[in-house]
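The values are calculated or read from the model by the stated rules, or taken from the named source; none is laboratory data. Please read these numbers as outputs of a predicted model, since none were measured by experiment. Backbone-built Cβ (ideal geometry, glycine too); neighbour counts: all protein chains shown. Note: accessible area is taken over every heavy atom of the protein model, side chains too, but ligands, DNA and RNA are not part of it. Shrake-Rupley method; radii C 1.70, N 1.55, O 1.52, S 1.80 Å.
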Amino acid sequence: MFAPTRRAVLLASTLFAAMSLAASLPAGAQELPKLEKKDSYKVGFAQTESNNPWRIAQTQSMQDEAKKLGHQLVYTDAAGSAAKQVADVNSMIAQGVDLIFLAPREEKPLIPAVRAAARAGIPVILLDRNVDPALAKAGRDYVTFIGSDFVDEGRRVAEFLAKEKPDGAKIIQLEGTTGSSPANDRKKGFEDGLAGKANFTVVASQSGDFARDKGRQVAEALLQAHPDADVVYAHNDEMAMGAIAAIEAAGKVPGKDIMVLSIDGGKEAVQAVVDGKIAAVVECNPRFGPKAFETLNRYAAGETIEPWVKNIDAFYDKSNASTEVTNAY
Ligand code: AHR
């Protein structure tokens, strides 16, 4: 009968201890996959949807930059479904892309896909939207998050409103996609910005899913239910444009009877500031291509990437909209 040596027993118990430790670590807690330095990459870009000018501008920017640098871009459009986006990421893993740029539609459902990519040795860079920071971490589950400070965007809207309407306001809030990081954070930033100001009340807050027609329908219903509302705060331009249509359909004048505030800074919305229909827009620039690929190159060069590569946003109101409108996307 074979009698284990002392060394074999020691080895087995060390292995057992290491396995127990690994099992006790949170899912995805592993070293991030490295990216080999190459002249040309096969890169995935998992987009959330393409039903608005912001998404179209972002995709265009990614495609232009990939083409300019000679990389192959494997592009998918989740068509507004987190479940499809999970499948899209899994298909990119199966195709063996070198790295995945992911714009997670919602904060929670994409986390397993991010971890699956890491397990398959494919680094992920989050683009424009984040996953739940309490459940997944940059530098552990994914390389970094490139994007705006959505909380600050909401806070800047609130600061503008408090300055422009010192006597207070009754506000209708049109929220973005439920469960998405910009909707969660723009709501938080705005409500934090108005905290302690008793004369400002959010009379109704409902999701318009970042979409123009949904925003119009929700605004129509909320304006009817709250005829005394004098401000509409929309989490993006598309819903703000929908709200303008709803205000006009209700026989009111946007910019006079009802102040409209928005986030994104697309050409149409900045022009609406020039025309006096929107009072202010905080920019959230969709032109991610150059920064996305610059970050990929830094990572391939072995740099430690900061957990958040932050975009700096402009602000448009009547003081600068007419000069800035030509630069808007
Ligand atoms: O994640 C950024 C947001 O998503 C933009 O504000 C919005 O227009 C887009 O759909």
- line: Checking 23, 3 in turn, the sole residue that is in a loop (DSSP other than H, G, I, E, B) and modelled with pLDDT under 95 turns out to be 3
task: Just give me the residues in region 119-157 being small (Gly, Ala, Ser), under 18 Å from residue 89 (Cα atoms) and open to solvent by less than 10 Å² (accessible area, probe 1.4 Å), in sequence order.
output: 136
- line: Note on region 50-73: residues within 13 Å of the ligand (Cβ to nearest atom), out of contact with any Asp or Glu (no Cβ under 8 Å at 6 or more places or on another chain) and not in a helix (DSSP H, G or I) are 51
task: Please work out which one of (1) over 16 Å from residue 307 (Cβ atoms); (2) in contact with a Ser or Thr (Cβ under 7 Å, 6 or more places away or on another chain); (3) more than 14 Å from the ligand (Cβ to nearest atom) is the condition residue 144 fails and give its number.
output: (1)
task: Could you give me the residue pairs with C-beta distances under 7 Å whose first residue belongs to region 68-91 and is in contact (Cβ under 8 Å) with a residue 60 or more places away in the chain, whose second residue is assigned to a helix (DSSP H, G or I) wherever it lies, and which are 6+ apart or on separate chains?
output: 69/293
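Could you list all residues from region 175-208 that are part of a strand (DSSP E or B) and within 16 Å of the ligand (Cβ to nearest atom)?
Filtering region 175-208 for residues part of a strand (DSSP E or B) gives 175, 200-207.
Residues satisfying the conditions are 175, 207.
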statement: Flagged in region 302-311 as in contact (Cβ under 8 Å) with a residue 12 or more places away in the chain and either acidic (Asp, Glu) or within 18 Å of residue 157 (Cα to Cα) (or both), in numbering order, are 306, 311
query: Among the residues of region 256-301, which ones are free of Cβ contacts under 8 Å to residues at least 60 places away in the same chain and more than 16 Å from the ligand (Cβ to nearest atom)?
result: 256, 257, 258, 271, 273, 274, 275, 276, 277, 294, 297, 298
Residues of region 87-98 classified as farther than 15 Å from residue 123 by Cα and either open to solvent by less than 40 Å² (accessible area, probe 1.4 Å) or assigned to a loop (DSSP other than H, G, I, E, B) (or both), total: 1
- prompt: Among all residue pairs at least 6 apart or on different chains, which show Cβ distances below 8 Å where the first residue, located in region 181-201, is without any contact (Cβ under 8 Å) to a residue 60 or more places away in the chain and the second is assigned to a loop (DSSP other than H, G, I, E, B) and of a type in the set (Val, Ile, Thr)?
  reply: 183/177
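Could you say which residue among 138, 134, 158 is aliphatic (A, V, I, L, M) and outside the structural domain of residue 98 (by TED's automatic domain parsing)?
Details: 138 fails: outside the structural domain of residue 98 (by TED's automatic domain parsing); 134 fails: outside the structural domain of residue 98 (by TED's automatic domain parsing).
The unique qualifying residue is 158.
Tell me, yes or no, whether region 228-244 has at least one residue that is open to solvent by 70 Å² or more (accessible area, probe 1.4 Å) and at pLDDT 95 or above. Walk me through how you get there before you give the answer.
Restricting attention to region 228-244, the residues satisfying the condition of being open to solvent by 70 Å² or more (accessible area, probe 1.4 Å) are 228.
Narrowing further to those that are at pLDDT 95 or above: 228.
Among the residues of region 228-244, at least one is open to solvent by 70 Å² or more (accessible area, probe 1.4 Å) and at pLDDT 95 or above, which makes the answer yes.
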message: Filter region 158-180 down to the residues that are small (Gly, Ala, Ser) and either without any contact (Cβ under 8 Å) to a residue 24 or more places away in the chain or open to solvent by 10 Å² or more (accessible area, probe 1.4 Å) (or both) and list them by number.
response: 162, 168, 179
